[in-house]
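The numbers here are math on the coordinates, done by the rules we state, and not lab data. Nothing here was measured: the structure is a model prediction, and the numbers come from that model. When we count neighbours, we look across all protein chains shown, and the Cβ atoms used for this are built from the backbone with ideal geometry, even at glycine.
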Amino acid sequence: MAESEHVSLPTPEPPVNHELQRWSVAVDAGLNQPLTYQSEKALFPELTRGQRVWVPLVNRKTTGVILGPDSRPTEEMEFEIKNILSVDEEFPPLPAPYMRWLEWLSEYYVHPVGLVTDLAFPPLRRTARTLGSRKAPAVPKIALQPKHELNQEQRQAIDEMTSHSGFRVHLLFGVTGSGKTEVYLEMLEKVLADGKCGLFLVPEISLTPQLIRRFSERFGEQVATLHSQLTNRERTEQWWSIFEGRRKILIGARSALFCPIPNLGLIIIDEEHESSFKQEEKLKYHARDAAIVLAKDFDFPVILGSATPSLETWKNAIDGKYHLHRLKKRIGDQPLPTISVLDLRKTEKAQHLPGWMSRELHLNLLETLNQGQQAALFLNRRGYSSAVVCVQCGDSPLCPNCDIHLSLHGKRHLVCHYCDYSEPYKEDCRKCGGSSLPSGLGTEQIEEGLARLFPEARLARADRDEIQSRDQLEELIGRMEKGDIDILIGTQMIAKGLDFPRLRFAGLVLADIGFNLPEFRATERSFQLLTQMSGRAGRHGATADNPGRVLIQTYNPEHPSIEFAARGDYEGFAALELTHRKPLGYPPFQRLAVLRVQNLHRNRAWASALQIQRQLSEITQKTSLQQRCEILGPAEAPLARLKRAYRFHILIKAENSKSLLWLCQRVLDRQKSLSPGTNLSVDIDPLHLL
Ligand code: ADP
Ligand code: ZN
């Protein structure tokens with residue numbers, strides 16, 4: 001309506017309050033510090049910590065979260081202070097303990113605060129299109145099922161866990177099939193009865209339809225899920241259903257921890273030892289550790305569950321910091337599988353069998369197939385072979401971008417497992433013209449050998465080449481469950497977390513892959529993998545006369561990861577491994593940070609690494625941190641070149657994380673002075689040192 005058409009008396013203007021407020025805002029950008037913005041009190045009377053706002057940044061508009069008033073004196077402001085543009089009306093302010101937690105994440109993992117706070121929001125705006133879509137929901141509607149009568153061990157664990165309210169960390173230590181999930185369900189039911197919500201975190205691979213089904217059978221439509229395979233629209237929908245309290249139990253992979261669940265009363269982390277709980281890029285957080293901090297802030301309990309707890313968790317449990325609960329037996333007294341170890345150095349090759357297959361392995365497969373049951377063979381290496389080598393001159397082609405041998409795939413391509421570079425495979429050696437032959441076993445070769453030996457058997461392979469999506473994984477699980485597969489061949493992808501009821505025999509073709517890696521956690525990982533793999537066999541319908549069977553083929557039968565795994569002795573393994581780590585000052589005895597320096601030019605990467613090392617020793621000398629921190633390196637990383645970048649690293653060991661963080665922060669503050677093109681990343685509590 002135009003002014004002139006409307007005649008009315010001017011209303012007296014209210015007294016205008018131009019008073020300004022200054023705010024410290026975590027802006028969604030890779031900045032080391034929050035930025036200062038201002039707002040007119042009269043325009044934004046209700047601004048507060050945790051509110052999402054729109055702000056100008058250089059020449060664009062972006063979101064940010066208010067951290068609080070900025071009370072620094074004006075003289076300290078070096079720049080013109082810009083105005084907050086508007087409040088993001090979609091979201092109420094995030095609760096105070098949750099904000100504290102986000103800031104802690106940013107500080108602890110040394111990552112820009114605005115990039116951390118941004119993780120607290122769903123990927124899409126809330127529009128009619130993103131909400132209430134007619135697409136199938138992420139959680140199916142399922143009739144509720146009656147629950148099991150708990151056994152004595154389960155009952156005891158639950159009674160102990162519920163005897164205390166408020167923050168506490170529980171470790172539920174039980175073999176696969178001992179009824180841990182049933183305990184989780186019961187605990188969640190109690191949380192719901194208290195009018196609260198629960199979060200259940202699992203490794204991405206375990207987030208199967210069977211698992212979601214099991215939760216839906218118990219909790220019906222109160223269950224929501226969040227994982228990486230959902231579309232942005234589905235994620236947004238699930239996020240709101242939890243945030244608005246329409247659903248009360250969130251099942252998700254690592255990142256679901258960022259959903260600000262109102263009234264959260266319990267977090268459960270199943271398979272807490274799994275390395276997929278650690279994000280390896282950007283914010284390098286560990287979801288287990290971050291969950292414990294969150295629970296402490298909000299004062300509710302956390303349950304960690306595992307058959308093979310990480311040594312960090314185990315030490316906390318035996319030191320009494322965490323509360324240990326044991327489930328010692330499988331449900332229904334199902335026997336644990338019998339595990340045999342086969343020493344490959346002492347076995348005779350059988351002419352009619354492929355080189356990797358012992359007579360024992362062959363017999364086990366024959367017997368399993370004859371009984372109409374399923375077998376699985378594991379080998380932790382995809383492709384046909386891990387390299388090709390010339391029989392005449394010994395040349396073995398490397399990736400042009402990485403310091404890595406090219407693997408043979410489909411007998412036609414040479415592929416780099418780190419950067420996906422590929423080239424056609426030629427049998428004539430490029431150096432001398434001799435014949436370049438496959439060397440080092442891969443899953444494709446296993447499949448080929450089995451197809452020749454058992455032409456009638458139905459085979460399936462599960463590795464990252466065959467299974468690239470959740471749909472493909474689900475299809476495979478379905479075929480296994482229906483009994484449409486006789487022998488499954490796979491990498492660690494299928495060794496973990498999956499439950500195949502008809503699987504009776506599991507064979508590990510070559511256990512030695514893995515424990516020779518130059519990493520202090522290699523033995524622990526190998527033990528976990530062997531135990532998890534063994535746990536796949538004979539989960540249902542096994543009896544004392546006919547238990548599941550496991551065969552481990554190895555050149556190192558006396559390796560501790562094998563000896564203890566074969567005996568099913570986690571505690572013995574943990575005790576031995578802890579005595580090895582203590583004198584070396586490795587976690588869980590000391591804290592670790594790794595500074596990774598990368599540059600396309602080797603000399604620049606090295607110069608930067610040296611410079612950082614000098615900075616570090618300067619700082620520690622000046623500050624008395626010298627006694628408390630040990631600085632190792634710089635050294636070439638075990639993977640010395642990846643994606644064309646040369647890599648060096650520096651390790652810092654310290655007794656507590658405080659000095660560690662302080663040092664890393666100082667180094668990052670000075671990173672502008674490093675050689676051009678240098679990428680420096682800080683990884684706190686790293687899982688990998690490769
Ligand atoms: P875990 O999580 O330790 O692998 P689950 O909770 O999945 O163990 O239990 C293994 C199997 O036993 C599941 O099929 C589950 O439904 C069943 N189960 C669990 N607890 C009981 C119980 N108390 N009585 C009967 N069956 C049970
Ligand atoms: Zn490569």
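Overview of values
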quantity	calculated
Selection from Leu57, Ser86, Gly410, by position along the positive dipole direction of the chain (Cβ)	Gly410
Amide H contacts of Arg458 (H built 1.01 Å from N, under 5 Å, at least 5 apart or other chain)	Asp486, Ile487
Region 352-400 versus region 225-250: alpha-carbon centroid distance in Å	42 Å
Relative contact order (%) - criterion: Cα under 8 Å, at least six apart; region: region 20-123	35 percent
Helical contribution to [θ] at 222 nm, DSSP H n ≥ 4, -39,500 (n - 2.57), averaged over the chain, rounded to 500	-9000 deg cm²/dmol
Largest-first ellipsoid semi-axes for region 591-684, taking √(5λ) over the Cα gyration tensor eigenvalues, angstrom	23, 13, 10
Percent breakdown of C-alpha pair distances by 20 Å bin, ordered from the shortest bin, for the chain	15, 45, 32, 7, 1, 0
For region 20-123, radius of gyration divided by Kirkwood radius, i.e. Rg to Rh on alpha-carbons	0.94
Cα-based Rg / Dmax (Å) for region 355-484	17.1, 51
In order through region 652-659: 3J(HN,Hα) via Karplus (6.51 cos²θ - 1.76 cosθ + 1.60), integer Hz, x for Gly, Pro	10, 10, 8, 6, 9, 6, 4, 5
Using a Förster distance of 30 Å, the FRET efficiency for Thr62-Asp465 (Cβ separation, nearest 0.05)	0.15
Estimated FRET transfer efficiency when R0 is 41 angstrom, pair Arg614-Thr579 (beta carbons, to 0.05)	0.70
Cα convex hull volume per residue for region 451-510 (Å³)	98 Å³
Alpha-carbon Debye profile of region 471-611, log10 I(q)/I(0) at 0.18 Å⁻¹	-1.05
Modelled FRET efficiency - R0 30 Å, Glu474 with Asn401, Cβ distances, 0.05 increments	0.35
Descending Cα extents along the principal axes, region 475-528, whole Å	41, 19, 16
³J(HN,Hα) computed for each position of region 205-217 - Karplus, 6.51 cos²θ - 1.76 cosθ + 1.60, integer Hz, glycine/proline x	5, 7, 7, 8, x, 4, 5, 5, 4, 4, 6, 5, 5
Size of electric dipole in the chain: Cβ of Lys, Arg +1 and of Asp, Glu -1, about Cα centre, debye, nearest 20	900 debye
